[in-house]
Amino acid sequence: MHDVAVTASCTTAYRPRGRTATAALLGITALALSACGSHDSAPALPTLGAPVQPKTQDGAPVPDVTALRNNLLDASQLPSGYTSLGDPPTGSTTGAGANTTPPQCAKVLAPIAEQATNAATRAAAQYGGPDFDSIDIDAAAYANGGAAQAFSTVQALLRDCANYSSTDPDGTKVEYQVGGLEQPSSGDASFAFRVHTTSQGLTLYSAVTVTQVGSTVVQFSMSGAREPDSQQLTALTAAQVRKLRGTTGP
């Protein structure tokens, strides 16, 4: 995430921190400044739905790193205007980072392999789109049925982090809201959620699906200055599941 501060004189200071879930918060700042300080306020989010039971996949094959990365959607399979931002370095995170309260909530939106350790392989891709929108995809594959545990670990974290905050070294406060998101089921098991990230009155909106496909758990996140299109998220999640399964078509 980007740290953002907006002053009354319509100037901005920012500092990128690690791999971003999106570059959109910086973009939102630019959009706000173009309107000389027009700010959004994040409405209350619906609660998360009932926990989803993962599917035990003890004998599911585990893809190697190359296969897993090749099976993430590429720019040609995304909506028009999205381009690759380059793969994030292994071990980078999209979470809130240090000085997060409660501390465990720093892992929300972090790659699956950071939220649920012991992944056999991991891969990630990030894309920038029109109006500073972005798409982040990360996946982790687990041996010996570990995908089911990883899937449940991510759900449990969200339930502990409906509201949390972080403070940057310069004192800038960032507030986070996590809530439910209705999406059709996909893969072997799936759930979806929203995150509203607010700093200095500016809000970044993220819509996320987490899906188990065999031994793999994939997190698909769309973010921007407006709530992402839920139907577009549905279609892209379905396309990602098909690619992980090595199939084509609807």
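Taken together, the values in this text are just the output of simple stated rules run on the coordinates, not laboratory data. Keep in mind it's a predicted model, so treat the numbers as computed, not measured. Note that we place each Cβ from the backbone using ideal geometry, even for glycine, and neighbour counts take in every protein chain shown.
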Say each of VAL65 and ALA44 gets a label point 7 Å from the Cα, pointing the same way as Cα to Cβ; how far apart are those two points in nm?
4.7 nm
Per principal axis, largest first, the Cα atoms of the range 127-250 extend in Å by 46, 33, 24
Under unit Cβ charges (Lys, Arg +1; Asp, Glu -1), what dipole magnitude, rounded to 20 debye, does the range 68-184 have relative to its Cα centre?
380 debye
Local net charge near PHE151, Cβ-Cβ under 11 Å (Lys/Arg +1, Asp/Glu -1)
0
Using a cut-off of 18 Å between alpha-carbon atoms, which lysines can reach LYS107, once sequence neighbours fewer than 8 places away in the same chain are excluded?
LYS173
Full extension from THR83 to SER185: what is 0.36 nm times the residue separation minus their Cα-Cα distance, to one decimal in nm?
34.0 nm
